[in-house]
Amino acid sequence: MKIILKNFRLVDEEKDASGSIIVQEGIISAVQFGNSSPDEKITSAAMIIDGRNLSSSEELPVLMPAFVDPHAHFRDPGPGINGATPSEVLESACVAAAAGGFGTVVCMANTKPAIDTIEKAASLKKRSDALGFIDLFPVVSLTKNMEGKKLSGITGISSDGASYIPLMLSEDGKDLEDDGLFLAAMKEAKRIGIPISCHCDFGDDENNAVRRVIALGKQAGCRIHIAHVSTKKALQTIREAKQEITALAAPDGFTLSCEAMPHHLCLTEVDANKLGAKTWGRVNPPLRCEEDRQALIQALKDGTVDAIATDHAPHSAADKESGSPGFSGFETAFAAVYSELACSGGIDPIIDLKHLSSLLSANPARLLGFGNTQKRGRLLPGHMADLVILDTKAAWIVENDKFFSRGKNSPFVDRKLYGKILMTLQRGRVVFQNSEE
């Protein structure tokens, strides 16, 4: 089936120009620049999406690669806290991700039961694939039942005939206390050829935990991805380790990447206190001081931070009142970081939209191994037609009762943000369309 998307501002990490895209069987077949109609006969297209019909202003809407999230929590499978109704289910999480412009998501293993085998991960992915909203890739935990005592099913992962190969391994918010067990897990990751997402909370000290993970990663010679970096000191440690790699002074096979979160980029401990530092404003790692926030923004600019992830962590109101950490993040992620970093508002933006696209799409796609196969994250022929259409001029007030996610626990509630998701396409199929006027 052929689909034509015309009259758009096309933006990815290397382009920002008006043009059109032609999609054939879920893959981008052509990218054409300029305001003229696509060369191919429009009458032969099964669907035509005209940006002029979507824009609320004289400016063309933005068409970008759908976002790629290397860090989210789906809560499925398993009951909620104390057996209560789950704060999220697969269906609501997938729809929320699509509504936020995400096409590819990696979800963590801290479910009940934990995702500690290939079979459990493959089962969740199969259910998500059947829904068809996003491409979901569950991680597999490092230890059995995430108890930190014995390696999980990762020891049996083989690329030969496997039903599913995870894109990452992770113990989520539990760094392994035993150095030997942690090192053994890293060696398994090296054998499989995929990164470990490390949450660096050991001893409630992010700075020392980051140093520890990097040291162990060097010993194993594996790929380490640092989740939700939030402090100036941790960023400097990562920056120096990356400089070693660039100078070829690091052990062979050791690579390092990291991610930042919208809430750490946009908010501080002052906001946490206003929300309730022990309830609605609680997140791990916590919202930091302004100096840390500015260091995080600088790390985006200089390339120390590779990607922006959501850490989508839905909770019920009762969970938040009882102190459960985390924020619902899918449906505000783009608008929050765009408003803070790339929306000029009369002044020069901190980063441009191309750079933001790289952080949300192309870079995380590369980190997850989407290279020559299943290409995504760019507007290029041969890449998957996972696309998001946005109105970057549209302002909106965050109303959590309109979230598709069951988790209404957003720190951005009642805030005015810029950048509205108008439509999300998965392999050329429309999976979300904003119905608000």
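Values as computed for the structure displayed
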| quantity | calculated |
| --- | --- |
| Partner lysines for K218 [C-alpha distance under 18 Å; skip if fewer than 8 residues away on the same chain] | K187, K190, K242 |
| Rounded if a/c under 1.5, otherwise prolate or oblate - region 65-367, Cα gyration tensor axes | rounded |
| Nonlocal amide H pairs with F327, under 5 Å, H built at 1.01 Å | A313 |
| 5 angstrom amide H check on R288, placed H, neighbours 5+ away | E269 |
| Within region 325-406, GluC sites (Glu not before Pro) in DSSP loop having at most 12 other beta-carbon neighbours inside 10 Å | E399 |
| Those aspartates and glutamates that a straight Cα-Cα span of less than 12 Å connects to K420, excepting residues fewer than 8 apart in one chain | E331, D391, E436, E437 |
| Shape call, region 240-392: gyration tensor on alpha carbons, a/c limit 1.5 | prolate |
| Most positive-pole-ward Cα, L287, L341, S322, against dipole of region 268-350 from beta carbon charges | S322 |
| Of all DSSP beta bridges in region 65-367, antiparallel share, percent nearest 5 | 5 percent |
| Trypsin sites (Lys or Arg not before Pro) restricted to DSSP loop in region 114-219 with at most 16 other C-beta within 10 Å | K149, K150 |
| Taking C222, C266 and counting other C-beta atoms within 10 Å, the order from fewest to most | C266, C222 |
| For S18, distant residues with modelled amide H under 5 Å away | L10, G34 |
| Potential lengthening between N145 and A277 on full extension [0.36 nm per residue; Cα-Cα distance subtracted] | 44.5 nm |
| Neighbour-count order for I397, I4, fewest beta carbons within 10 angstrom listed first | I397, I4 |
| Potential lengthening between K112 and E58 on full extension [0.36 nm per residue; Cα-Cα distance subtracted] | 14.5 nm |
| Residue-span extension gain [V270 to D414] - 0.36 nm each, minus C-alpha spacing | 50.2 nm |
| Residue exposure sequence - V105, V11 - by fewest surrounding Cβ within 10 Å | V11, V105 |
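Laboratory data are not the source of any read-out in this text; all were calculated from the coordinates shown. Only a predicted model underlies this, so the values are computations on that prediction, with no experimental measurement involved. Using ideal geometry, Cβ is built from the backbone for each residue, glycine included, and neighbour counts are taken over all protein chains shown.
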